[in-house]
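The values are calculated or read from the model by the stated rules, or taken from the named source; none is laboratory data. Note that the structure is a prediction, hence the values are computed from the model and not measured. Using ideal geometry, Cβ is built from the backbone for each residue, glycine included, and neighbour counts are taken over all protein chains shown.
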Amino acid sequence: MSATRDRVLGVIGGSGLYAMEGLEGLEEHAVDTTYGQPSDVVVSGRLGDTRMLFLPRHGRGHRLAPHEINYRANLLALKQLGAEQIVSVSAVGSMKESIKPGDVVLPDQMIDRTRHRANTFFEGIGVVAHVELADPIDAALQSALYRAAVDCGARAHRGGTYVCIEGPQFSTRAESNLFRSWGVDVIGMTNLPEARLAREAELPYATVALATDYDCWHQTEESVTVEAVLAVLKRNVTTAQAILKKVAASLPDPSESPASRALEHAVITAPDRISAEARAKLAPVCPRQFAARS
């Protein structure tokens with residue numbers, strides 16, 4: 001990390017993540033975007049040379065179900081406030097015996113099983129873009145988070161596949177066993193379309209997945225319940241805060257990430273066919289690409 005340039009880290013997760021020792025100058029920011037309102041206000045603060053931006057994914061008081069979240073506005077609000085890279089902190093179910101409730105997983109792959117979510121900035125505006133998404137998780141950011149987790153004493157697993165389901169219901173047992181047959185490691189409801197949209201916004205993205213249960217595949221365990229999930233999640237919040245605090249001092253340079261140039265050759269639409277209205281809507285996503293033409 002450069003000693004002369006501050007980093008700005010966007011964090012999407014629970015509403016209490018910013019309650020960590022050493023975070024100074026807390027402020028709230030109400031943000032409007034060209035894709036609507038984010039889940040809630042963004043809370044900012046400084047931790048050493050890093051500016052942290054915290055957005056409660058489900059809104060304060062957990063008001064929004066996974067399929068109701070305006071993911072586009074959430075990513076764009078953080079980018080408009082200066083975020084250079086994004087860390088998602090998420091509760092997940094474990095799909096493997098070796099990943100125990102309370103463990104931390106840093107996945108590097110994703111499977112999308114959502115059905116009713118807006119998952120691109122490029123629709124309904126006459127502009128087409130195809131970003132590369134073979135590796136949805138930024139490798140350098142994932143490595144930094146893994147080192148931070150280990151340094152904090154967490155039982156951490158590096159790599160693995162996150163399968164994202166639509167929700168808000170948990171999986172059926174048949175679905176859980178199907179996903180297990182695919183070799184997935186954890187299951188959740190929120191990290192897609194986040195990862196897709198982060199890539200379109202040219203933001204490196206990585207996940208801190210906090211295992212809360214064994215989903216319903218584990219026949220010797222009780223089926224997953226909200227009460228069980230919340231009990232483990234509360235214990236995991238302290239771990240997540242420690243990881244964020246540690247990683248803030250060792251963030252990678254986002255300009256070296258392939259994600260920072262994701263739109264460079266991805267926009268297929270001819271520049272002279274992009275309307276002024278489309279440019280205005282997309283300019284916050286990528287000012288370099290869509291700034292108004294003189």
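Can we say Leu251 is outside any helix (DSSP H, G or I) and in contact with a Cys (Cβ under 6 Å, 6 or more places away or on another chain)? Give the derivation first.
Numbers: outside any helix (DSSP H, G or I): yes; in contact with a Cys (Cβ under 6 Å, 6 or more places away or on another chain): no.
Considered against the rule, which asks whether it is outside any helix (DSSP H, G or I) and in contact with a Cys (Cβ under 6 Å, 6 or more places away or on another chain), Leu251 comes out as no.
Return the residue satisfying two criteria in turn: it lies in segment 184-221 and is among the small types (Gly, Ala, Ser) and in contact with a strand residue (DSSP E or B) (Cβ under 7 Å, 6 or more places away or on another chain), and of such residues it is nearest to Leu233 (Cα to Cα).
Residues of segment 184-221 among the small types (Gly, Ala, Ser): 188, 195, 198, 201, 206, 209, 211.
Retained after the next criterion (residues that are in contact with a strand residue (DSSP E or B) (Cβ under 7 Å, 6 or more places away or on another chain)): 188, 195, 198, 206, 209, 211.
Details: Gly188: 13, Ala195: 22, Ala198: 25, Ala206: 19, Ala209: 11, Ala211: 8 Å.
Out of the qualifying residues, it is Ala211.
The residue that is farthest from Arg196 (Cα to Cα), counting only those in segment 84-121 that are of a type in the set (A, V, I, L, M, F, W, C) and assigned to a loop (DSSP other than H, G, I, E, B), is Ile99.
Selection of segment 148-159 for residues being surrounded by 20 or more Cβ atoms within 10 Å (Cβ to Cβ) and either out of contact with any strand residue (DSSP E or B) (no Cβ under 6 Å at 6 or more places or on another chain) or closer than 17 Å to Glu97 by Cβ (or both) yields Ala148, Ala156, His157. Hey, any hits in segment 67-78 for a residue that's under 18 Å from Arg51 (Cβ atoms), part of a strand (DSSP E or B) and in contact (Cβ under 8 Å) with a residue 60 or more places away in the chain? Within segment 67-78, not a single residue is under 18 Å from Arg51 (Cβ atoms), part of a strand (DSSP E or B) and in contact (Cβ under 8 Å) with a residue 60 or more places away in the chain. Pairing each residue of segment 277-294 that is on the phi < 0 side of the Ramachandran plot with any residue that is surrounded by 17 or more Cβ atoms within 10 Å (Cβ to Cβ) and among the charged types (D, E, K, R), provided the two are 6+ apart or on different chains, yields C-beta distances under 7 Å for Pro284/Lys79; Val285/Glu200; Cys286/Glu202; Phe290/Arg279; Ala292/Arg279. Among the residues of segment 66-81, is there at least one that is surrounded by fewer than 24 Cβ atoms within 10 Å (Cβ to Cβ), farther than 23 Å from Pro38 by Cα and hydrophobic (A, V, I, L, M, F, W, C)? For segment 66-81, residues surrounded by fewer than 24 Cβ atoms within 10 Å (Cβ to Cβ), farther than 23 Å from Pro38 by Cα and hydrophobic (A, V, I, L, M, F, W, C): absent. Checked against (1) surrounded by 21 or more Cβ atoms within 10 Å (Cβ to Cβ); (2) within 30 Å of Thr50 (Cβ to Cβ); (3) not β-branched (Val, Ile, Thr), Trp217 passes all but a single condition, namely (2). Quick one: in segment 255-291, of everything that is at pLDDT 95 or above and among the basic types (Lys, Arg), which residue is nearest to Leu75 (Cα to Cα)? For segment 255-291, the residue satisfying everything is Lys281. For segment 213-227, the criterion of being modelled with pLDDT under 95, in contact with a Cys (Cβ under 6 Å, 6 or more places away or on another chain) and of a type in the set (Ser, Thr, Tyr) is satisfied by at least one residue.
Applying the selection to segment 33-57, what residues are out of contact with any helix residue (DSSP H, G or I) (no Cβ under 8 Å at 6 or more places or on another chain) and in a loop (DSSP other than H, G, I, E, B)?
Within segment 33-57, Asp40, Val41, Gly48, Asp49 qualify.
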